[in-house]
């Protein structure tokens, strides 16, 4: 393509998505005609290794997952910044190198703190 | 208008071929996995359906198609249906930017098209990462919507694992981006012409000079990719001895098939990315190992062949690892991701950046 920024390049991607969604929906619909359906209460209970259900499945879960998710957001934003920096690295020169060194350095302090606090441990 | 019409027609053809090849590969990957692991364990694998069991995937597919589809009581019906579709779409659309063969232009009714990539967008690899992240939603939603404790726990584990290892995948890629200076997979692959040491795992510059090997990033990428696709030894989200089947415990029939398809399509996708980023994509290991001279016009064929060889090597590696290693414990998995892989990936970026500054390519 003469101009890489032309949105025309995204049309095949939209087409692709539309075709995959259509494939999924159509095969589910055709399947619903072809397959049997004989539900009864015992069949529809959630699986719990054969024992009768004794509580709802919407159970509280450990805070650990939340901490991991927060750490993820921080580092995810880091690599969102790193991507354009890496692509433009040649044009940025020494300033780009030093600035990113500073940026990663600040993050490393936070990473070291999280490590020492035990946020990365999983007991 | 005519130009757009031709382009859409070409795209539709490419999409059908890519989807066909991917779905066919998934089908026979399920058989190949059982066969390879069978042989590694001194068994025969499936033998009943067809000669040497080669029709097994078709039998499996038919069974799943005609199986009763159960939505457990208390499940959120819409999310329960939506989740496998999200997982499948996210796994398949990534193939839109993979260059399967040499970057050339072909004239179709006076319109220039690129035959071996569906769309050469300039943010290729970012687009794939974005969609793999969306795939995690499919898994989490599926686990939560099932209203089953096993599913919920499996979904949570999957969420934590996927986001942890996604970081490492992203950070491992940055090293390659520093060398290539582009996010387009087409351009990254072209940069790795012509010899095996020009590929980014060793990254010797084409005109000679100081190599900046990305072999550490390559190792981090492959290990994290195994974790990203929930494969052994990182298949904690679906650890059968603890969680029955993890996030898809309650799924049956076609919806289950979608999750299954998505997992295997993801395997193929990460193999394609690993081949394109680190092992030169469709580039032959040496110029004389592709069609040249009087067969120059068939060079694209050898390009596709080399790409396939690399992708199937990674797929075989997936099976090999599964047959070799036992499953990790969850705390080991998280510690390994955050305390081993992440520092290596970050260190690789720093070293690569400094090296690339002093020895520009």
Exercise. What number of residues within the stretch B:343-361 are part of a loop (DSSP other than H, G, I, E, B) and either farther than 14 Å from residue A:88 by Cα or over 29 Å from the mean Cα position of the chain (by Cα) (or both)?
Worked result: 2
Exercise. Does residue A:13 satisfy being within 7 Å of chain B (Cβ to nearest Cβ), assigned to a helix (DSSP H, G or I), surrounded by 12 or more Cβ atoms within 10 Å (Cβ to Cβ) and modelled with pLDDT of 90 or more?
Worked result: no
Exercise. Which residue out of B:318, B:314 is assigned to a helix (DSSP H, G or I), in contact (Cβ under 8 Å) with a residue 60 or more places away in the chain and surrounded by 21 or more Cβ atoms within 10 Å (Cβ to Cβ)?
Worked result: B:318
Seminar exercise, completed: All-but-one check, residue B:49 against (1) farther than 30 Å from residue B:282 by Cβ; (2) surrounded by fewer than 19 Cβ atoms within 10 Å (Cβ to Cβ); (3) in contact (Cβ under 8 Å) with a residue 40 or more places away in the chain, failing number (3)
Problem set entry | Search result, residues across the stretch B:1-43 that are more than 9 Å from chain A (Cβ to nearest Cβ) and under 16 Å from residue B:108 (Cβ atoms) | B:1, B:2, B:3, B:5, B:6, B:9, B:13, B:17
Problem set entry | Any hit, the stretch B:229-251, residues being at pLDDT 85 or above, within 13 Å of chain A (Cβ to nearest Cβ) and either buried (at least 24 other Cβ atoms within 10 Å of the Cβ) or assigned to a loop (DSSP other than H, G, I, E, B) (or both) | no
Exercise. Residues in the stretch B:93-111: is at least one without any contact (Cβ under 8 Å) to a residue 60 or more places away in the chain, touching a strand residue (DSSP E or B) at 6+ places or on another chain (Cβ under 8 Å) and assigned to a loop (DSSP other than H, G, I, E, B)?
Worked result: yes
Exercise. How many residues are within 7 Å of chain B (Cβ to nearest Cβ) and either exposed (fewer than 11 other Cβ atoms within 10 Å of the Cβ) or in contact (Cβ under 8 Å) with a residue 60 or more places away in the chain (or both) when one looks only at the stretch A:42-93?
Worked result: 1
Exercise. Which residues, taken from the stretch B:72-88, are assigned to a helix (DSSP H, G or I) and surrounded by fewer than 23 Cβ atoms within 10 Å (Cβ to Cβ)?
Worked result: B:77, B:78, B:79, B:80, B:81, B:82, B:85
Exercise. Among the candidates B:60, B:69, which residue alone is out of contact with any strand residue (DSSP E or B) (no Cβ under 6 Å at 6 or more places or on another chain) and assigned to a loop (DSSP other than H, G, I, E, B)?
Worked result: B:69
Seminar exercise, completed: Scanning the stretch B:175-201 residue by residue, the ones that are surrounded by fewer than 24 Cβ atoms within 10 Å (Cβ to Cβ), in a helix (DSSP H, G or I) and away from chain A (no Cβ under 11 Å) total 4
Exercise. How many residues does the stretch B:142-164 contain that are more than 10 Å from chain A (Cβ to nearest Cβ) and over 9 Å from residue B:247 (Cα atoms)?
Worked result: 1
Exercise. Which number in (1) in contact with a helix residue (DSSP H, G or I) (Cβ under 7 Å, 6 or more places away or on another chain); (2) surrounded by fewer than 24 Cβ atoms within 10 Å (Cβ to Cβ); (3) under 22 Å from residue A:78 (Cα atoms) marks the one condition that residue B:172 misses?
Worked result: (2)
For this session: Have a look at B:289, B:315, B:328, B:295 and point out the one that is in contact with a helix residue (DSSP H, G or I) (Cβ under 9 Å, 6 or more places away or on another chain) and within 30 Å of residue B:65 (Cβ to Cβ).
Result: B:315
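The values are calculated or read from the model by the stated rules, or taken from the named source; none is laboratory data. All values derive from a computational prediction rather than experimental measurement. Don't worry about glycine lacking a Cβ; one is built from the backbone with ideal geometry, like all the others, and counts go over all protein chains shown.
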